[in-house]
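Asker: First the structure, which I've put down as structure tokens, then a few questions once you've had a look.
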Amino acid sequence: MLLTISTTHTPATDLGYLLHKNPQRLHSQDLGFGTAHVFYPDARDDLCTAALMLEIDPVGLVRRKGPNEGFALEQYVNDRPYVASSFLSVALGQVFRTAMTGRSKDRQAMADSAIAYDIRVPVLPSRGGEGLLARLFGPLGYAVEATRLPLDDAFPAWGGSVCYDVRLRITARLSDVLRHLYVLIPVLDADKHYWVGDDEVEKLLQKGEGWLDAHPERELIARRYLKNLRGLAEAVMERLSDGEAVPDPVRQDGQEETLEKAINLNQQRMDWVVATLKRLGARSVVDMGCGEGKLIGRLAKDLDFEKITGCDVSVRALEIARARLNFDRLPEFQQQRIKLLQSALTYRDKRLAGYDAATVIEVIEHLEPERLDAFARAVFEHARPSHAIVTTPNAEYNVLFPNLPAEKFRHPDHRFEWTRAEFAAWANGVAERFGYTVVFDAVGTVHETLGAPTQAAIFTKGDKQ
């Protein structure tokens, strides 16, 4: 399957800076189900075209299928290797991940600018015809040209297929274009090749930020993107109606946990948080981004904490937290003392206001940098706890992890990892803006020059409102 993006912006070859792919090279990336290649058929000052070609591994597709999926021959006869689908959407998200965030080290002004782009998808299914293409892309400002492809060139009488040769023209930021394509390609196909759960809700809200809430077909988009799972689609619509289109982050797991286990860092971090809360005299605590409830479980054992609330955007994570706590078997006074709420950290939630302390443990690094302002407002302007404890990885310490490749983050979902100076600059700015004071601490064994593996900021509300 193929997708091309062209621009005549001068110099057009600067497109390579926006996509973070050098026009002079072939870029290939293994995606598990196939290989994505990025190359430039044209790379001139007046025209530059970047092509994303995805080669699907048909044997890999058969192996990924369950024994009862589809009709009897579907594993052997299908269009998945050839038409744009959720496979291409995944490839866009992986290969152009940084470009999708709108960041460009060398051409940030260009990344922030609306530029004319010409996008072509030669084989794009539209299970809704040409009209659906116009309904989805038209409200976003695209000029749409679509030519229906025949079902089989050798048999014209069979008529047309569900696939179109589609050309889209727009003047917009490249990051917006990529996010539109990421969401709408699987919507047009009305099928996805992988399990759809809470994390797909978050992906839709993240990629749909700034445009999905105002789209006239947002309900159809949510429903088809989530494979017609009614509960998930309703959750998206509810959050869009509240004006929230920025997801809560994914909690720590996998690679990060494995790296930190060797130095028992998570245990040290939990011990430090509890000790800090007690030192601050906090009686009511809200753990923002509580995940599976590890910190909630620790706090529940200490009766000094009279009111404990955990919030997370993932219903599944909250279900695990509830099971971890054996919540239904707790005494009545414990059930009244502990609450678990579904909420995100990037929009106002009145239920999170009025606490002695808020904890935000290993969370902010999962947010895109441009969403940190929404996070700061939600916590420090609206929730306004008396104290807030924020921890995040210290990027300087990463070189001491023997199994972590250079220039890689501890977790594949991390959007950034800050040095101590970068964290201090952000925290001091937040404190000044919202009327807090801030002090810093280190968690874990402190290296003489590189600091500790976890860095922490303790915010205290001042008189400024």
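The values are calculated or read from the model by the stated rules, or taken from the named source; none is laboratory data. Predicted model only: the values in this text are computed from it and were never measured. Ideal geometry is used to build each Cβ from the backbone, glycine not excepted, and the neighbour counts take in all protein chains shown. Quick note on the areas: whole protein, heavy atoms, side chains included, nothing else; ligands and nucleic acids left out. Shrake-Rupley method; radii C 1.70, N 1.55, O 1.52, S 1.80 Å.
Asker: Kindly list the number of the only condition in (1) out of contact with any His (no Cβ under 9 Å at 6 or more places or on another chain); (2) more than 17 Å from ARG420 (Cβ to Cβ) that fails for ASN394.
Answerer: Evaluating ASN394 over (1) out of contact with any His (no Cβ under 9 Å at 6 or more places or on another chain); (2) more than 17 Å from ARG420 (Cβ to Cβ) leaves (2) as the failure.
Asker: Here are some conditions: (1) under 30 Å from ARG371 (Cβ atoms); (2) touching a strand residue (DSSP E or B) at 6+ places or on another chain (Cβ under 9 Å); (3) open to solvent by less than 10 Å² (accessible area, probe 1.4 Å). SER126 meets all but one. Which one does it not meet?
Answerer: (1)
Asker: Would you pick out the residues in the stretch 154-166 that are surrounded by fewer than 18 Cβ atoms within 10 Å (Cβ to Cβ) and either under 41 Å from the mean Cα position of the chain (by Cα) or in contact (Cβ under 8 Å) with a residue 24 or more places away in the chain (or both)?
Answerer: GLY159, GLY160, SER161, ASP165
Asker: With (1) open to solvent by less than 50 Å² (accessible area, probe 1.4 Å); (2) of a type in the set (D, E, K, R); (3) modelled with pLDDT under 95 as the list, and ARG135 as the residue in question, which single condition is left unmet?
Answerer: (1)
Asker: Step by step: first the residues of the stretch 303-319, then only those that are under 12 Å from GLN334 (Cβ atoms) and not basic (Lys, Arg), then the one that is surrounded by the most Cβ atoms within 10 Å (Cβ to Cβ). Which residue is that?
Answerer: Once the filter is applied, the top-ranked residue is ILE308.
Asker: Could you check the stretch 374-465 for strands (runs of 3 or more DSSP E) lying wholly inside it with 2 or more residues that are over 30 Å from GLY102 (Cα atoms) and touching a residue at least 60 places away in the same chain (Cβ under 8 Å)?
Answerer: Answer list for the stretch 374-465: 436-443, 454-461.
Asker: Moving on. If we keep just the residues of the stretch 335-350 that are over 23 Å from TRP426 (Cα atoms) and touching a residue at least 40 places away in the same chain (Cβ under 8 Å), which is most open to solvent (accessible area, probe 1.4 Å)?
Answerer: Applying the filter and picking the extreme gives LEU340.
Asker: Assess whether ARG322 counts as being modelled with pLDDT of 90 or more, among the basic types (Lys, Arg), open to solvent by 30 Å² or more (accessible area, probe 1.4 Å) and assigned to a helix (DSSP H, G or I). Before you say what the answer is, go through the steps one by one.
Answerer: Values: modelled with pLDDT of 90 or more: no; among the basic types (Lys, Arg): yes; open to solvent by 30 Å² or more (accessible area, probe 1.4 Å): yes; assigned to a helix (DSSP H, G or I): yes.
Spelling it out, it is not the case that ARG322 is modelled with pLDDT of 90 or more, among the basic types (Lys, Arg), open to solvent by 30 Å² or more (accessible area, probe 1.4 Å) and assigned to a helix (DSSP H, G or I).
Asker: Scan ALA214, ALA233, ALA262 and give me the residue that is under 30 Å from ALA452 (Cα atoms) and either among the aliphatic types (A, V, I, L, M) or modelled with pLDDT of 85 or more (or both).
Answerer: Unique residue meeting the criteria: ALA262.
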